């Protein structure tokens, strides 16, 4: 069948297809250009290559939300950005082709993937054989995928005898719209996979009610909503709404792609309007939709939930959506049947071993995204433990190897002068908590842990952690970083962890403070754990000033001591952060008062006020003056010791 005839048949059936073009770079490019010339359409191109004109970088993912195109090209010749590939597929209307350009088929799995630098914590691109082989297997097995391999015959898709497509989505939209119109107050939440018409439905609500205000992560993503709202489309950015002295007068606030807005901002927005409509994608393209359901909606009162499941832009039999769902594991984990024996066992970093574990993590954790699938399959230093049976997984734990850093580099991290990729807890313990040895010791960080809802509170999570602990040969400690809540901290305590750090800023994604805890394994790890726990307890007297948590303020000796000197010197003569130095600066200012330090730390003036009074140009200038005052105070306390520290730190510059 001719390409134009096949495309017309796809249009009538309401389906889209994938075409894989695998070959040398120039050949693949020529094929793509020929397709673009042969078929009329928008032809959105995602590529960072210079030989593609008028292309969009895959990193510009959020600009695609809520938009529609006819045909698309995804350039994976040098790297595969999984989230952008999924987002591009979600923008394509019925009758569209998605061209996937890849390296030659036989060497694709062994070729370095440029996107790996983004997620594998590596300096140079690495090959990603497990992910690529998974894609190749699905491409080969799917008769609806058109496959063009250089020096090989073309493989045409099997013909589908499908009836003419009649979209059923408008009826579903109309039913929900009537219920929204009848709402007197409260929050309505519409969730759906991409392409189900959430933005269109939100636009219909705005068109029906002229007193609607629309907001979204970016105005560019509201194109479809604006088309349906017509002259009643009134957009205002989230931060502009919150910055307004008086909330704009509106009967409805419509938040499109709400899950892409940080939870603390979203919560403030919801409080300002009598009726709020939140729309979001739960299919993992952005890695936040499920977290939106798990974390945010559960905290609201008077919430009504609606779900759109009928595709708007394509048929429910669409081959592209079915292939993509398999490729990036968008279906949730299947609940385990009760009564089966549960065992704990390690998983190899191959696709089949990790498939169920990934699905479980994606359904349970608010940050899991296709990027994590790529990291789990091919990034170095990953370890996994599963609970249940090999074909029936009820729990999963993901570990990342950290530490083992060169002492000189660890000292530079401690001083705030270097921050290489990776080593989340190991580096933060050095850069913020002030323990350079945390980066030189070897550790394993628990990156994710999940247990099926029906199996929780049965000890599976603790058993997974215990297995990881027992088999962490050659490690000095286990670590975990988590959004602090009382319930989560109680769990980690039961698993034997000790709290060693709490960040001073709430995480945008969860609205919680980032907390870090460790469980010692070796004597060196035990020494680090004891010192870090003691320092946090000593600092707790002051941390309540900058962290909105109830700290245990039991009496601790606050006189300046030998433990404080390195931290103060690192702030004065290196680049240790102000917030991480806050508690030790409180001890210093009471020993050796200084003008700006006293104004901020004792009199509790803000950095902005002090900046204005001292005629300094912003926060950076104030911090620089505080560093100078700290150095002066140290010289006053012990000039000889201060000179030694200044010389020692200058050698790290």
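The values are calculated or read from the model by the stated rules, or taken from the named source; none is laboratory data. Every value quoted in this text rests on a predicted model; they were computed, and no experiment measured them. As a convention, Cβ positions derive from the backbone with ideal geometry for all residues, glycine included, and neighbour counts pool all protein chains shown.
Overview of values
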{"quantity": "Residue 74 touching a residue at least 40 places away in the same chain (Cβ under 8 Å), in contact with a strand residue (DSSP E or B) (Cβ under 9 Å, 6 or more places away or on another chain), closer than 22 Å to residue 377 by Cβ and not assigned by TED's automatic domain parsing to the domain that holds residue 217", "calculated": "no"}
{"quantity": "Selection status of residue 459, in contact with a strand residue (DSSP E or B) (Cβ under 6 Å, 6 or more places away or on another chain) and surrounded by fewer than 18 Cβ atoms within 10 Å (Cβ to Cβ)", "calculated": "no"}
{"quantity": "Odd one out for residue 143, checked against (1) exposed (fewer than 15 other Cβ atoms within 10 Å of the Cβ); (2) under 25 Å from residue 35 (Cα atoms); (3) under 31 Å from the mean Cα position of the chain (by Cα)", "calculated": "(3)"}
{"quantity": "Per-region count, the stretch 7-51, residues in a helix (DSSP H, G or I), in contact with a strand residue (DSSP E or B) (Cβ under 9 Å, 6 or more places away or on another chain) and within 13 Å of residue 71 (Cβ to Cβ)", "calculated": "5"}
{"quantity": "Check on residue 579, outside the structural domain of residue 412 (by TED's automatic domain parsing), in contact with a strand residue (DSSP E or B) (Cβ under 6 Å, 6 or more places away or on another chain), surrounded by fewer than 19 Cβ atoms within 10 Å (Cβ to Cβ) and within 27 Å of residue 443 (Cα to Cα)", "calculated": "yes"}
{"quantity": "Enumerated helices (runs of 4 or more DSSP H) restricted to the stretch 72-177, each holding at least 2 residues that are under 27 Å from residue 199 (Cβ atoms)", "calculated": "82-91"}
{"quantity": "Residue identified as within 22 Å of residue 430 (Cβ to Cβ) and modelled with pLDDT under 95 among 611, 650", "calculated": "650"}
{"quantity": "Residue that is farthest from residue 653 (Cα to Cα) [pool: residues in the stretch 391-421 that are out of contact with any helix residue (DSSP H, G or I) (no Cβ under 9 Å at 6 or more places or on another chain) and outside any strand (DSSP E or B)]", "calculated": "408"}
{"quantity": "The listed residue being within 20 Å of the chain's Cα centre (by Cα), under 21 Å from residue 458 (Cα atoms) and either at pLDDT below 95 or not assigned by TED's automatic domain parsing to the domain that holds residue 131 (or both), out of 364, 338", "calculated": "364"}
{"quantity": "Matching entry among 182, 200 (being outside the structural domain of residue 67 (by TED's automatic domain parsing), surrounded by 19 or more Cβ atoms within 10 Å (Cβ to Cβ) and either in contact (Cβ under 8 Å) with a residue 12 or more places away in the chain or out of contact with any strand residue (DSSP E or B) (no Cβ under 6 Å at 6 or more places or on another chain) (or both))", "calculated": "200"}
{"quantity": "Top-ranked residue in the stretch 10-30 [being surrounded by fewer than 18 Cβ atoms within 10 Å (Cβ to Cβ) and under 35 Å from the mean Cα position of the chain (by Cα); ranked as nearest to residue 74 (Cα to Cα)]", "calculated": "25"}
{"quantity": "Test: residue 495 is in the same structural domain as residue 440 (by TED's automatic domain parsing), touching a residue at least 12 places away in the same chain (Cβ under 8 Å), crowded, with 18+ Cβ neighbours inside 10 Å and within 18 Å of residue 383 (Cβ to Cβ)", "calculated": "yes"}
{"quantity": "Residues of the stretch 632-652 classified as surrounded by fewer than 19 Cβ atoms within 10 Å (Cβ to Cβ) and assigned to a helix (DSSP H, G or I), total", "calculated": "13"}
{"quantity": "Criterion (over 31 Å from the mean Cα position of the chain (by Cα) and in contact (Cβ under 8 Å) with a residue 24 or more places away in the chain) met by exactly one of 583, 559, 514", "calculated": "559"}
{"quantity": "Positions within the stretch 422-440 being outside any loop (DSSP other than H, G, I, E, B) and touching a residue at least 40 places away in the same chain (Cβ under 8 Å), in sequence order", "calculated": "424, 425, 426, 428, 429, 431, 437, 438"}
{"quantity": "Condition check for residue 535: modelled with pLDDT of 95 or more, in contact with a strand residue (DSSP E or B) (Cβ under 9 Å, 6 or more places away or on another chain), surrounded by 15 or more Cβ atoms within 10 Å (Cβ to Cβ) and in a strand (DSSP E or B)", "calculated": "no"}
{"quantity": "Selection from the stretch 348-368 of residues that are buried (at least 23 other Cβ atoms within 10 Å of the Cβ) and outside any helix (DSSP H, G or I)", "calculated": "368"}
{"quantity": "Enumeration of residues in the stretch 206-226 that are farther than 25 Å from residue 324 by Cβ and either at pLDDT below 90 or out of contact with any strand residue (DSSP E or B) (no Cβ under 6 Å at 6 or more places or on another chain) (or both)", "calculated": "207, 208, 209, 210, 211, 219, 226"}
{"quantity": "Test result for residue 207, surrounded by fewer than 22 Cβ atoms within 10 Å (Cβ to Cβ) and assigned to a loop (DSSP other than H, G, I, E, B)", "calculated": "no"}
{"quantity": "Selection from the stretch 52-71 of residues that are under 17 Å from the mean Cα position of the chain (by Cα) and assigned to a loop (DSSP other than H, G, I, E, B)", "calculated": "58, 59, 60, 65"}
